[in-house]
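Written below as structure tokens is the structure these notes are about.
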Ligand code: HEC
């Protein structure tokens, strides 16, 4: 092997190591994002990573968010519920907020919303949801971002 080919080989291996290292870092960042769901503003938010269309299905389906927050997040679009369930929801104090009105909302980060959905909020109607996968939660966060966006576009 000449010195030249050896040099080229070494360069090639170095490049491989460099690329492998890079993708490992990217992978770690993605994983971090899944867990913290966009806690750091410098990184992509969960809304960028999630699929709002699938989030909508979770919201109006498995997540049963629509029971309290209304179909598609419209507070005046109440689903057909059993009378006792509906009356329990009507009596909630505080009442479920309008997820389309960002000005009336208290949580300001996807991390806080992630926790509110995953862990619930003791003493309120928000009960913990442990059945959603991390992807479903990320998709739901993307859908919530869309609701806020649509809501503020409408008010302008
Ligand atoms: C049983 C009724 C009920 C259900 C079901 C429910 N919520 Fe809520 N949600 C509430 C209430 C009540 C609050 C206000 C809680 C508070 O003030 O702490 C709330 C608060 C929230 C907030 C915080 C809003 C803010 O102020 O920033 C988010 C986000 C939210 N809900 C999303 C969801 C999602 C997503 C689902 C479905 C996975 C869901 N909720 C299911 C009743 C409900």
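Laid out as a table, the results:
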quantity	calculated
Cα→Cβ-extended label distance, 7 Å offset, between residue 121 and residue 104, nm	1.3
Extension gain (nm, one decimal) between residue 77 and residue 155, 0.36 nm per residue minus Cα-Cα	26.2 nm
Ranked list, fewest to most other Cβ atoms within 10 Å of each Cβ, for 143, 74	74, 143
Packing-based order for 88-97, 50-59, using average beta carbon neighbours within 10 Å, highest first	50-59, 88-97
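Coordinate-derived values only; no laboratory data. Just so we're clear, the structure is a prediction, and the values are computed from it rather than from any experiment. Ideal geometry is used to build each Cβ from the backbone, glycine not excepted, and the neighbour counts take in all protein chains shown.
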